[in-house]
Amino acid sequence: MRKAIAYVDGSYRDGVYGRGYVLQIGRKVLTCNGGSHDISQMRNRCGEIEAVKKVVQECLKQRVDKVVIHYAYAGIENWVT
């Protein structure tokens, strides 16, 4: 079973959200960051949710069976349950 650990975060400033993650799969460490204009008025939550989506996409690409995602926004678990 391939396992991964991810750390995600989002930020917001002046109408632009940011996102980033660190993803560890075995000994391999991947990072990603980016952002866009916040059209949804969700501020930093938008960035954090986008980071989680990117982690899941990368895990599927890397054939990861299980991922543990660490996040800062306490309400993010409500978006997937």
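Of note:
- The residue of region 6-17 that is modelled with the highest pLDDT, among those that are open to solvent by less than 70 Å² (accessible area, probe 1.4 Å) and within 11 Å of the chain's Cα centre (by Cα), is A6.
- Residue in region 30-53 that is charged (D, E, K, R), in a loop (DSSP other than H, G, I, E, B), at pLDDT 85 or above and out of contact with any strand residue (DSSP E or B) (no Cβ under 7 Å at 6 or more places or on another chain) present: no
- Filter result for the condition that a residue is more than 21 Å from A74 (Cα to Cα), free of Cβ contacts under 8 Å to residues at least 40 places away in the same chain and in contact with a Gly (Cβ under 8 Å, 6 or more places away or on another chain), over C46, C32: C32
- Close Cβ contacts (under 9 Å, 6 or more residues apart or on different chains) running from residues in region 57-81 that are open to solvent by 80 Å² or more (accessible area, probe 1.4 Å) and of a type outside the set (A, V, I, L, M) to residues that are at pLDDT below 85 and not in a loop (DSSP other than H, G, I, E, B) comprise Y71/E77; W79/R45.
- Among (1) within 17 Å of E77 (Cβ to Cβ); (2) within 8 Å of the chain's Cα centre (by Cα) - the single one G20 does not satisfy: (1)
- Pairing residues of region 7-19 that are assigned to a strand (DSSP E or B) with residues that are aromatic (F, W, Y) and crowded, with 20+ Cβ neighbours inside 10 Å, at Cβ distances under 6 Å and at least 6 apart in sequence or on separate chains, gives V8/Y21.
The values are calculated or read from the model by the stated rules, or taken from the named source; none is laboratory data. Predicted model, so just to flag it, every value in this text is computed and none were measured. All Cβ positions, even for glycine, are placed from backbone atoms using ideal geometry, and neighbour counts span all protein chains on display. Each accessible area value is taken on the protein alone, full model and side chains, heavy atoms only, with ligands, DNA and RNA left out. Shrake-Rupley method; radii C 1.70, N 1.55, O 1.52, S 1.80 Å.
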